[in-house]
Amino acid sequence: MNKYGQMDIFDFLPNPVYNPIFDFLSSYGTGFVGGRERIAKYWNEPHNKKERANFLKSEYGVGGFSAWGFMQKEPNKVYSGSTLGGKISIGYTDQDLNRVDMIITFEQLADSVSEMISAGIFPHVK
């Protein structure tokens with residue numbers, strides 16, 4: 001649960017371990033209306049990993065967000081993301097409120113989507 005007493009998506013995992021990629025996907029989606037639904041629909045169709053990665057690259061487009069200066073820092077929280085240069089940059093705080101920056105590929109993002117869908121925790125997947 002978060003500090004407001006609300007359940008967190010990670011509360012449903014058997015051994016909750018913070019995963020900033022999951023947080024990025026579940027908290028911010030693609031940044032476009034209906035993005036999560038389009039991803040879920042695409043994953044229900046037969047596609048290989050490369051096709052899924054290319055779909056995500058197209059769905060996310062080029063851009064980003066940052067809330068470092070506007071949000072109260074919380075542990076294990078994504079505060080920035082960018083899809084510039086064909087990779088995804090995710091900035092988050094660790095359990096000690098230190099800023100951590102990571103870069104992942106769209107292939108890694110596709111793996112995370114598959115993992116979240118398999119676990120039944122990707123938003124809007126029925």
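Annotations
- Index of the failed condition, TRP68 passing every other in (1) at pLDDT below 80; (2) in contact with a Phe, Trp or Tyr (Cβ under 6 Å, 6 or more places away or on another chain); (3) surrounded by 12 or more Cβ atoms within 10 Å (Cβ to Cβ); (4) of a type outside the set (Val, Ile, Thr): (3)
- Residue count, region 111-126 (criterion: of a type in the set (D, E, K, R) and assigned to a helix (DSSP H, G or I)): 2
- Pairing each residue of region 21-46 that is within 17 Å of GLU115 (Cβ to Cβ) and modelled with pLDDT of 85 or more with any residue that is part of a loop (DSSP other than H, G, I, E, B) and not β-branched (Val, Ile, Thr), provided the two are 6+ apart or on different chains, yields C-beta distances under 9 Å for ILE39/GLY29; ILE39/PHE122; ILE39/HIS124; ALA40/PHE122; ALA40/PRO123; ALA40/HIS124; ALA40/LYS126; TRP43/PHE122.
- Scanning region 84-98 for residues that are under 23 Å from VAL62 (Cα atoms) and over 12 Å from the mean Cα position of the chain (by Cα) gives LEU84, GLY85, GLY86, LYS87.
The values are calculated or read from the model by the stated rules, or taken from the named source; none is laboratory data. Worth saying up front: this structure is predicted, and the values here are computed from it rather than measured. Glycine gets a Cβ as well: all are built from the backbone with ideal geometry, and neighbour counts include every protein chain shown.
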